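Below you'll find the structure, written out as structure tokens, and then a few comments.
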Amino acid sequence: MGRITTRRRVTRIRRNAPPSARADVLAVEEPLEIRVNGRPLVVTMRTPGNDVDLAFGFLVSEGVITRGDQVEGARYCAGANNDGVNTYNVLDVALTPEVPPPAPELARSFTTTSACGVCGKDSIDAVTTRSAFHPGSDPLVVDPEFLLDLPTRLRAGQSVFDKTGGLHAAALVDAASGDIVALREDVGRHNAVDKVIGWAAAAQRLPLRGHILQVSGRASFELVQKAAMAGIPMLSAVSAPSSLAADLADERGITLVGFSRGESMVLYTRADRVQTQAAVTSSS
């Protein structure tokens, strides 16, 4: 099955029917230790694949790098299982000499779960990293029909979700061309976002002006933070945002879209970027 999915024998029970045994496909979740210049930085639970993109995106999100050319290279280190086989779960990223190494307080000696990318931060102030980019000044304007179609297009690109039903996805959309330029899946929604941002960093495409970040699931504070760090002016999610996500999006000038499900959506911030003809009335 490869390292992205695995099979497991399961017992399925239906109402008013006998139990049945069959093989089921699960999404793989494994730890990845990211090192910078040989020093451990973080351990995150992720779906194997696009690990270099994940590392690049994480470093962008944490303010360590702002361009892909600030990385000299990345290589897997020794990390063997009981049979002596390399697990490819330790990745060392080498920064160029002019890039300061991550601050000691950034290093996390604990495991970041696939559910949370900022677990263990001491305070909100600690994760409100200042971005080198300014998404609030982006002149992006999109048609609402185009925006409403994005969740369906994201879902159509989720090949591993079709097999497992257990992965989040993130896509970068070039609003000018309408193309999805990168799409990644992962057990952690923050990992999926880091993977597409990391792809963009490696391709020297930061800041991501004129792009939309479409995600499955909800829009959390950490996803808005990652969008800000990459210079993305619009974040669209199929589920609800948190209050803190809306506050940060408002502060950074990011258009935050929630409950985008094909026929309707809710604009929480910077609604001026969605081109509508009808007047919008508000009620309390």
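Quick look at the values:
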item: Lone qualifier among 117, 136 - being within 20 Å of residue 236 (Cβ to Cβ) and modelled with pLDDT under 95; result: 117
item: Residue within region 10-18 that is on the phi > 0 side of the Ramachandran plot and not in a strand (DSSP E or B) present; result: yes
item: Scope region 193-218; condition modelled with pLDDT under 95 and either surrounded by 24 or more Cβ atoms within 10 Å (Cβ to Cβ) or among the polar types (S, T, N, Q) (or both); matching residues; result: 216
item: Qualifying residues in region 91-107 (those that are modelled with pLDDT of 95 or more and aliphatic (A, V, I, L, M)) - the one surrounded by the fewest Cβ atoms within 10 Å (Cβ to Cβ); result: 94
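Residue by residue, here is whether (1) under 28 Å from residue 207 (Cβ atoms); (2) open to solvent by 90 Å² or more (accessible area, probe 1.4 Å); (3) not hydrophobic (A, V, I, L, M, F, W, C) holds:
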{"site": "18", "(1), (2), (3)": "no, yes, yes"}
{"site": "23", "(1), (2), (3)": "no, no, no"}
{"site": "42", "(1), (2), (3)": "yes, no, no"}
{"site": "45", "(1), (2), (3)": "no, no, no"}
{"site": "55", "(1), (2), (3)": "yes, no, no"}
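The values are calculated or read from the model by the stated rules, or taken from the named source; none is laboratory data. Owing to the predicted nature of the structure, the values given are computational and were not obtained by experimental measurement. We place every Cβ from the backbone using ideal geometry, glycine too, and count neighbours over all the protein chains shown. All accessible areas refer to the heavy atoms of the entire protein, side chains included, with ligands and DNA or RNA removed. Shrake-Rupley method; radii C 1.70, N 1.55, O 1.52, S 1.80 Å.
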